[in-house]
Amino acid sequence: MKKERRTPRHFDDQFRLSVLKDYYESGASYSQISRKYDVSSGNVIAWERKYMNLNSATL
């Protein structure tokens, strides 16, 4: 029996930033935030890196 593949989900910047804002303001762990928003903790980490790199590039 084959596993069905999930359709990749795409998240807009507004959603990503709201997840990161909640992460920073709540002090929750990556796994707690990922469960709350039904995303992988790897996504949260990658988004954080992406936006940190963008911010440091504009300085």
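The values are calculated or read from the model by the stated rules, or taken from the named source; none is laboratory data. These numbers were taken from a predicted model, which means no experiment stands behind them. Cβ atoms come from the backbone with ideal geometry, glycine included; neighbour counts cover every protein chain shown. Quick note on the areas: whole protein, heavy atoms, side chains included, nothing else; ligands and nucleic acids left out. Shrake-Rupley method; radii C 1.70, N 1.55, O 1.52, S 1.80 Å.
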Å² of accessible area per residue within the chain, as computed with a 1.4 Å probe and no ligands counted: 86 Å²
Per-residue [θ]222 nm for the chain (sum of -39500 (n - 2.57) over DSSP H runs n ≥ 4, rounded to 500): -21000 deg cm²/dmol
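Once the Cα gyration tensor of the chain is found, what semi-axes does its equivalent ellipsoid get, as square roots of 5 times the eigenvalues, in whole Å, sorted largest first? Present the calculation step by step, with values, prior to reporting the outcome.
Working: eigenvalues 120, 45, 18 Å².
Sorted largest first and rounded, they come to 25, 15, 10 Å.
What is the dipole size for segment 3-59, taken about its Cα centre, with +1 at each Lys and Arg Cβ and -1 at each Asp and Glu Cβ, in debye to the nearest 20? Walk me through the intermediate numbers first.
Working: 10 positive and 7 negative charges, 59 e Å.
Dipole about the Cα centre, nearest 20: 280 debye.
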Which residue, chosen from Y23, I33, P8, occupies the Cα position most advanced towards the positive end of the dipole of segment 1-41, where the dipole is computed from +1 (Lys, Arg) and -1 (Asp, Glu) charges on Cβ about the Cα centre? P8
Checking segment 1-52 for GluC sites (Glu not before Pro) in a loop per DSSP with at most 11 other beta-carbon atoms within 10 Å yields E4
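Determine the gain in length on full extension of the stretch D22-R5; use 0.36 nm per residue of separation and subtract their C-alpha separation, reporting nm with one decimal. Spell out each step's value before the answer.
Numbers: separation 17, 0.36 × 17 = 6.12 nm, distance 2.96 nm.
Length difference between fully extended and current span is 3.2 nm.
State the extension gain, in nm to one decimal, for the chain segment bounded by D13 and N53, taking 0.36 nm per residue of separation less the distance between their alpha-carbons. Working shown, then result.
Working: separation 40, 0.36 × 40 = 14.40 nm, distance 1.47 nm.
Roughly 12.9 nm would be gained on extension.
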Residue by residue through segment 41-47, which ³J(HN,Hα) values in whole Hz follow from phi under the Karplus form 6.51 cos²θ - 1.76 cosθ + 1.60 (θ = phi - 60°), with glycine and proline marked x? 5, x, 4, 4, 5, 5, 5
At 1.4 Å probe size, put I33, I45 in order of accessible surface, largest to smallest. I45, I33
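Of the heavy-atom accessible surface of the chain (probe 1.4 angstrom), what whole percent is carbon and sulfur?
On the way: 2630 of 5100 Å².
Its accessible area is 52 percent carbon and sulfur atoms.
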Sequence gap at least 6, Cα distance under 8 Å: using those rules, report the relative contact order of the chain to the nearest whole percent. 26 percent
